[in-house]
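Written out below as structure tokens is the structure these notes cover.
The values are calculated or read from the model by the stated rules, or taken from the named source; none is laboratory data. Just so we're clear, the structure is a prediction, and the values are computed from it rather than from any experiment. Every residue, glycine among them, receives a Cβ derived from its backbone with ideal geometry; neighbour counts consider all protein chains shown. Surface areas here come from the heavy atoms of the whole protein model, side chains and all, with no ligands, DNA or RNA. Shrake-Rupley method; radii C 1.70, N 1.55, O 1.52, S 1.80 Å.
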There are 2 protein chains.
Amino acid sequence: MTGFTVKSEQRAFGGTQGFYEHESAACAGPMRFGVYLPPRALQGERVPVLYYLAGLTCTEETFVVKGGAQRVAAELGLAIVTCDTSPRAARFPGDDESWDFGRGAGFYVDATEAPWSSAYRMYTYVTRELVDVVEGGFPIAPGLRGVFGHSMGGHGALTIALREGDRYKSASAFAPIVAPTRVPWGQKALPRYLGNRPEAWSDHDAVALVGKQRFAGTFLIDQGDRDQFLERELQPRLFEAACRAAGQPLTLRMQPGYDHSYYFVSTFVADHLRHHAKALAVVD
Amino acid sequence: MTGFTVKSEQRAFGGTQGFYEHESAACAGPMRFGVYLPPRALQGERVPVLYYLAGLTCTEETFVVKGGAQRVAAELGLAIVTCDTSPRAARFPGDDESWDFGRGAGFYVDATEAPWSSAYRMYTYVTRELVDVVEGGFPIAPGLRGVFGHSMGGHGALTIALREGDRYKSASAFAPIVAPTRVPWGQKALPRYLGNRPEAWSDHDAVALVGKQRFAGTFLIDQGDRDQFLERELQPRLFEAACRAAGQPLTLRMQPGYDHSYYFVSTFVADHLRHHAKALAVVD
């Protein structure tokens, strides 16, 4: 079992919200993560787990504080894991020059370009290393694992579910980046992390992946129609068209009046947790 | 009608979370406040309003972001108003030397000692000026007004409800300071704001007030038994004893395992909103 240290543990909705730190090989230094355990986990039951991936500039704390997910997670008996959005200990020139690349903007890829490749390996971190630490150290039911996220983290959730369909049973996203190879955020970050290799970029583009890889479940996506990034960066209709062409089940809900904020995320988080609980066969 | 400017308005749980700014006479400068309007207020209905008073170091944003109250407020059709914990524009020597006096620590009193008396008048601000601005500018049902708060804000809620029983129909508190004249936080702040006048301090001490003033409703208080401030600063049993002696209805719930944080507040906020809704005759 991989070790971790407890930074804090606090009672919340009959369960425990904890923050932990561990040495990450993938990210070449200490990383922090959060785990919410529902009441039934404290009573000795092993519970399904959802991994939440946050958006640009966020940390392992953002969703915990602003997402309002613990109440429903407690009811449904789901653990929720949150993690950071990039390595923090390793520092490279230019890593804090902009908010959409470098620190807080790992894009859930394994960088292959120096110097990023020595630490910016968030794909391996999220899908392997963090999973091993959490599922070795907390009472998690084997194989009952889902992934979801917001914006850049929604991109992470969709691409991970498509590429690792045998490891994740449920997936959803709030206002995800669905086609990073076609929008400014992705066109800035992917070449810097992955080099001038369009085929490598496509491996992290949900629209490009959905024709090649299949996720066995149904994706749930919520998107606010007043989202300030909708037209330029998000474009969920591209994913809807690709899913339709590929026969990939998707529920895309346009939510009138909502923007890109955590007011939007928290409004619909209960629906997402129920979507996961159903896919994980926790509820009917 | 007193004017205010809109800082932001965002859709949340079918309603609107807004932040606003206005010129305060009581606080001698601009003050910010938040208003959550539930869906039925957007449909033209006038709704009951709860004023939430925050604790030491907090602002008008704290409860909005961390309290998780909007979901239930939307269901019950309640508006929630949040405000700052002290003046911000007026600056005086020593106002930021400690976290429990001065900025972020107005204790919901009208200071009578110079220089604080020129701006630190949070009692008048909360009970009169803010009420006039909000109830003149938003669709609030006349006379359907409750007050609640956390820690220092719980102290504010209890003392305001006792002193202004004709103006507030419902009241509750999370981990309130109930006897500031007997505990370090109050013994530090009250003499500085109110001078060496013990009778003035007692006017802001819920335990001292409850024998002299009566609140027509039932107080609801939740208190975590792992709260780090329980023994030194809070001591809710003092209020329980005073209420019993005075025949003042009180429901005091000790919550096992909970600390002083917003994980505690958010866990029980739904119960508090239902308590208010019942007292305001919104639900049975």
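Odds and ends about this structure:
- When each full DSSP H helix of chain B is screened for a Cα extent of at least 30 Å along its own axis and an average Kyte-Doolittle hydropathy of at least 1.0, none passes.
- In region A:238-284, the residues that give up 50 Å² or more of accessible area when the other protein chains are added, compared with the chain on its own (1.4 Å probe), are A:258, A:263.
- Accessible surface buried upon A-B contact (total; probe 1.4 Å; Å², nearest 100): 1700
- Take the Cα of residue A:182, step 7 Å toward its Cβ, do the same at residue B:283, and the gap between the two points is 4.5 nm.
- P(r) for region B:1-158, from all Cα pairs and a bin width of 10 Å, is 12, 43, 34, 10, 2 %, short bins first.
- 1.4 Å probe, heavy atoms, protein only - residues of region A:64-103 losing at least 50 Å² accessible area vs chain alone: A:65, A:71
- Here the gap between residue B:45 and residue B:244, fully extended at 0.36 nm per residue and compared with their Cα-Cα distance, gives a gain of 67.7 nm.
- Interface residues in region B:8-34 - accessible area drops by 30 Å² or more relative to the isolated chain, probe 1.4 Å: B:10, B:11, B:13
- Region A:89-135: translational diffusion in µm²/s, Stokes-Einstein, Kirkwood Rh over Cα pairs, 10 °C, 1.306 mPa s: 141
- In the elastic network of chain B, a GNM with C-alpha springs shorter than 10 Å, the most mobile of B:89, B:119, B:73 is B:89.
- Stokes-Einstein diffusion for region B:179-284, with the hydrodynamic radius set to the Kirkwood value over Cα pairs and evaluated at 4 °C in a medium of 1.567 mPa s, equals 85 µm²/s.
- Computed FRET value (nearest 0.05) for residue A:197 with residue A:92, which takes r as the C-beta separation and R₀ as 30 Å: 0.90
- Heavy-atom accessible area per residue - region A:4-103, 1.4 Å, Å²: 36
- Whole-percent carbon and sulfur share, accessible surface of region A:1-105, 1.4 Å: 47
- Accessible surface, per residue, of region A:124-248 when the full set of protein chains is kept, probe 1.4 Å, Å²: 35
- Fully extending the segment from residue A:117 to residue A:214 would add 32.1 nm, taking 0.36 nm per residue of separation and subtracting the current Cα-Cα distance.
- Summary of the geometry: region B:1-80 and region A:238-274, compared by the centres of their Cα atoms, lie 27 Å apart.
- Two-decimal log10 I(q)/I(0) for region A:120-252, as the Debye equation yields it once each C-alpha is a single scatterer, q = 0.14, 0.16, 0.19 Å⁻¹: -0.61, -0.79, -1.08
- Within a Gaussian network of chain B (alpha carbon springs, distance under 10 Å), most fluctuating of B:229, B:215, B:107: B:229
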